[in-house]
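Every number in this text was worked out from the coordinates using simple rules, so none of it is lab data. The structure displayed is predicted, hence computed values, not measured ones. Ideal geometry is used to build each Cβ from the backbone, glycine not excepted, and the neighbour counts take in all protein chains shown.
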There are 2 protein chains.
Amino acid sequence: MPTRSAAQRQAEAKVVYDAFVATCPTRQVFATLSDKWVGLTVNALSGGPMRHGELRKKIAGASQKMLTQTLRLLERDGLVTRTVTPTVPLRVDYELTQLGWTLVPVMAAVKKWSETHIQEIMAARDDYEASELRKH
Amino acid sequence: MPTRSAAQRQAEAKVVYDAFVATCPTRQVFATLSDKWVGLTVNALSGGPMRHGELRKKIAGASQKMLTQTLRLLERDGLVTRTVTPTVPLRVDYELTQLGWTLVPVMAAVKKWSETHIQEIMAARDDYEASELRKH
DNA sequence: CGGCATCCCATGCGATACTG
DNA sequence: CAGTATCGCATGGGATGCCG
């Protein structure tokens with residue numbers, strides 16, 4: 001006789017999340033983290049709370065629309081809090097939540113990797129291009 | 001009298017790469033890493049060399065086109081090698097390069113984070129949705 | 001089997017203009 | 001200053017069909 005019911009075993013089995021599975025909810029989260037604006041925003045906020053305008057300056061090239069959209073997404077997923085101070089003009093501060101902070105080292109590592117290996121990558125591109133030319 | 005020429009100082013200054021700068025080449029690399037197919041492919045290849053078809057099975061939902069496109073990109077950037085065995089039918093193996101391996105822990109961390117915090121995120125979404133409803 | 005070319009639609013995202 | 005709404009273009013990416 002089993003010590004757990006079939007339903008219980010299934011419930012436990014469901015806990016085995018795997019982003020390789022297309023229908024797994026983690027795939028969607030993985031896709032979210034794989035968004036450059038999300039990554040840059042989390043990296044930016046790792047320096048402390050920031051206002052909307054400050055973030056736009058920090059993250060060069062981010063349109064106001066993309067930034068708002070990204071911040072809403074992060075807020076919805078519980079990674080960022082949005083605090084409105086109803087002064088005139090309006091003041092809005094964004095800050096990482098506890099959950100958001102757990103993501104910081106991960107995203108920082110991605111940014112760091114880009115900056116550390118850029119030269120190897122550019123060299124590889126030159127090589128690749130050169131060998132492509134040789135073919136034709 | 002300076003110990004380094006202006007040109008030398010500038011050459012050194014150029015080494016200060018920062019993905020926050022839109023025109024910085026690292027931004028482009030950061031954007032590349034922020035591609036879910038890139039992330040999933042690197043994660044998949046961390047288990048060892050794989051054939052095109054094997055990768056497609058592993059990475060559920062990846063179309064043949066996207067996979068080829070992603071692999072070409074990784075090959076061009078020196079992260080993956082492509083080995084063709086001219087048998088019939090054709091056999092093509094993909095394998096991480098030494099540079100590619102340095103990226104594995106980073107991408108594995110992203111995948112791991114997704115799988116570890118999915119429940120907190122789903123809970124946050126429920127909360128968010130509930131508070132949105134309360135507003136209207 | 002692995003890959004390229006073509007077609008084509010859905011959406012991502014910037015630009016602009018307006019509100020609180 | 002922060003945010004929403006609208007328009008319109010660019011491109012991401014699937015489906016299909018043909019070659020090595």
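Sequence-distant contacts, meaning Cα pairs under 8 Å at least 6 residues apart, place the relative contact order of chain B at 19 percent. Dividing the summed -39500 (n - 2.57) terms of all DSSP H runs of n ≥ 4 by the residue count of the protein assembly as shown sets its mean residue ellipticity at 222 nm at -20000 deg cm²/dmol. The H on the amide N of B:R51, modeled in the peptide plane, is under 5 Å from the matching H of B:Y94, each at least 5 residues off or on a different chain. Database remark: amide H of A:R91 closer than 5 angstrom to the amide H of A:T85 (H placed geometrically; neighbours at sequence offset of 5 or more, or on other chains; Pro and chain starts carry no H).
Per-residue Cβ neighbour counts within 10 Å put B:T68, B:T32 in the sequence B:T68, B:T32, beginning with the fewest. In terms of other Cβ atoms within 10 Å, B:T23, B:T97 run from fewest to most in the order B:T23, B:T97. As a rough footprinting exposure proxy, the listed residues A:D93, B:D77, A:D126 were ranked by other beta carbons within 10 Å of their own, and the order from fewest upward is A:D126, A:D93, B:D77.
For the range A:42-50, 3J(HN,Hα) computed residue by residue from phi via the Karplus equation (6.51, -1.76, 1.60; θ = phi - 60°) reads 4, 4, 5, 6, 5, x, x, x, 9 Hz, glycine and proline entered as x.
The phi torsions of the range B:111-124, fed into the Karplus equation with coefficients 6.51, -1.76 and 1.60 and a -60° offset, translate into couplings of 4, 4, 4, 4, 6, 7, 10, 3, 5, 5, 5, 5, 5, 4 Hz, rounded to whole numbers, with Gly and Pro shown as x. With its label point defined 7 Å out from Cα along the Cα-to-Cβ axis, B:D18 lies at 4.3 nm from the matching points of the other copies, in increasing order. Straight-line reach only, C-alpha to C-alpha below 25 angstrom: list the lysines that A:K65 could link to, leaving out same-chain residues fewer than 8 apart. Cross-link targets: A:K36, A:K57, A:K111, B:K36, B:K135.
Is the protein assembly as shown best put as rounded, prolate or oblate by its Cα gyration tensor, with a ≥ b ≥ c the root eigenvalues, rounded for a/c under 1.5, and otherwise prolate when a/b is larger than b/c, oblate when not? Here the protein assembly as shown falls in the oblate category. Neighbours of B:A123, meaning other residues whose beta-carbon lies under 13 angstrom from its beta-carbon, give a summed charge of -3 when Lys and Arg score +1 and Asp and Glu score -1.
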